[in-house]
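The structure appears right after this line, and notes come after that.
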Amino acid sequence: MAIADASGSQNAPVQLHNLVRQFGDQRVLDGLDLNIAAGEFVALLGASGSGKTTLLRTLAGLDSIDSGRLRVPKARAAVFQEPRLMPWKRAWKNVVLGLHVDNAKARAIEALTEVGLAHRLNAYPATLSGGEAQRVALARGLVREPELLLLDEPFAALDALTRIRMHELIIELWRKHNPAVLLVTHDVDEAILLADRVIVLADGRIAEQLQIDLPRARHTGQHGFQALRAKLLGQLGVQSQAEPVPEAARYAHG
C-alpha cells in the first residue's frame, strides 16, 4: 500500500490519490498517494523505470492519468536537465517565452537579476556556459511566479563547483518565492542537502519517505547525515560506502 505524505493537509496545492498511469500492461504509477504542502521542498529518488519522470510529467501537465485523483495548481513551471533554450533568442526573450504580459522585458530583467545574470541579458544561448544556461532556465520558471516548481535533474550535467553554486541559488530562490518544489534526482546527497522530505519511488509506489530535520546550512559531515544517506541508499539497493565524499560535493547552504 502506498504511504500517505507527512503533511496530510487537505489544503495542499499538490494532491494525488490512487493515481494510475499505465502503458500497455505496465503500470508505471500504481495507485500513488502523495500530497505536497505549500512551500514544501520534496526530493524524489528512485531507480530508472520507477516512475519518477512519469510523475513529474504528469504534475507538469505533459502526461495524462488513467485513473485516480490529481490536484495541481495552475501556476506551475518546470526546469529540466537540458535548459531547452531557443538558440535564436536572446537570454531575456528565452525567459519570457510564451509569457504574455505588457512588461515582459522588465519581468525578464528582474528574473535574470535574481539568478545573477543581469549582465547577460542580451546574450545568445550559444555564448552561455552550462551553469549560465541553467540559470536562464530557472529564471524562465520563476518569472511565472509558480505555486509549484518542478525540477527534473536540473544540476546533473553541471560540474561539481557549479552544482554547489546552483544548490545555494535554488535554496535562496525557494526561500524568497516559497513555491512547493518537487526535485527529481539520482543523487542521494543532493536530495538530503536540499529537501524537507525525501521520497523513494519503486514500481510506481512510495517505498520510503524521510523527513529531513537537519538544520540549514547542511553538509555531509553533519550529525545524522550519513545515517539518512545509508537508509536511502539501502532503499535504492545500494550498500552505503564508507569512503568520504569529495570536498567539492560536500556543502549546500540555505
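The values are calculated or read from the model by the stated rules, or taken from the named source; none is laboratory data. For clarity, every value in this text was computed on a predicted model and none was experimentally measured. Glycine gets a Cβ as well: all are built from the backbone with ideal geometry, and neighbour counts include every protein chain shown.
If I filter segment 7-30 down to residues being among the small types (Gly, Ala, Ser) and surrounded by fewer than 16 Cβ atoms within 10 Å (Cβ to Cβ), which single residue comes out as modelled with the lowest pLDDT?
Of all residues in segment 7-30, those among the small types (Gly, Ala, Ser) come to 7-9, 12, 24.
Checking the rest, the ones that are also surrounded by fewer than 16 Cβ atoms within 10 Å (Cβ to Cβ) come to 8-9, 24.
Numbers: GLY8: 45, SER9: 55, GLY24: 86.
The selected residue is GLY8.
Among the residues of segment 107-122, is any in contact with a Lys or Arg (Cβ under 6 Å, 6 or more places away or on another chain), over 24 Å from PHE41 (Cβ atoms) and either not in a loop (DSSP other than H, G, I, E, B) or not aliphatic (A, V, I, L, M) (or both)? Talk me through it step by step, then tell me what you get.
Of the residues in segment 107-122, the ones in contact with a Lys or Arg (Cβ under 6 Å, 6 or more places away or on another chain) are 115, 117, 122.
Retained after the next criterion (residues that are over 24 Å from PHE41 (Cβ atoms)): 122.
Imposing the further condition that a residue be either not in a loop (DSSP other than H, G, I, E, B) or not aliphatic (A, V, I, L, M) (or both) reduces the set to 122.
Yes, because at least one residue in segment 107-122 is in contact with a Lys or Arg (Cβ under 6 Å, 6 or more places away or on another chain), over 24 Å from PHE41 (Cβ atoms) and either not in a loop (DSSP other than H, G, I, E, B) or not aliphatic (A, V, I, L, M) (or both).
Looking at segment 119-152, which of its residues are within 17 Å of the chain's Cα centre (by Cα) and farther than 12 Å from PRO83 by Cβ? Steps first, please.
Filtering segment 119-152 down to residues within 17 Å of the chain's Cα centre (by Cα) leaves 131, 133-152.
Result: LEU142, VAL143, ARG144, GLU145, PRO146, GLU147, LEU148, LEU149, LEU150, LEU151.
Within segment 186-203, track down each residue that is touching a residue at least 60 places away in the same chain (Cβ under 8 Å), farther than 19 Å from PRO146 by Cβ and part of a loop (DSSP other than H, G, I, E, B).
HIS186, ASP203
What's the number of the only condition in (1) under 26 Å from THR54 (Cβ atoms); (2) surrounded by fewer than 16 Cβ atoms within 10 Å (Cβ to Cβ) that VAL200 fails to meet?
Only one criterion is unmet by VAL200, namely (2).
In segment 39-62, what residues are closer than 15 Å to VAL14 by Cβ and assigned to a strand (DSSP E or B)?
Scanning segment 39-62 gives PHE41, VAL42, ALA43, LEU44.
Can you pull out the residues in segment 73-107 that are hydrophobic (A, V, I, L, M, F, W, C) and surrounded by fewer than 16 Cβ atoms within 10 Å (Cβ to Cβ)? Give the derivation first.
Looking only at segment 73-107, we keep the residues that are hydrophobic (A, V, I, L, M, F, W, C), and these are 75, 77-80, 85-86, 88, 91-92, 95-97, 99, 101, 104, 106.
Correct list: ALA75, MET86, TRP88, LEU97, LEU99, VAL101, ALA106.
For segment 136-171, which residues satisfy the criterion of being in a helix (DSSP H, G or I) and either closer than 24 Å to LEU99 by Cα or of a type in the set (S, T, N, Q) (or both)? Let's see the steps before the verdict.
Taking segment 136-171 first, the residues in a helix (DSSP H, G or I) are 136-142, 160-171.
Answer for segment 136-171, where residues must be in a helix (DSSP H, G or I) and either closer than 24 Å to LEU99 by Cα or of a type in the set (S, T, N, Q) (or both): VAL136, ALA137, LEU138, ALA139, ARG140, GLY141, LEU142, THR162, LEU169, ILE170.
Go through segment 221-237 and give me each residue that's modelled with pLDDT of 90 or more, closer than 18 Å to THR185 by Cα and outside any helix (DSSP H, G or I).
Listed by number, the list holds a single entry, LEU236.
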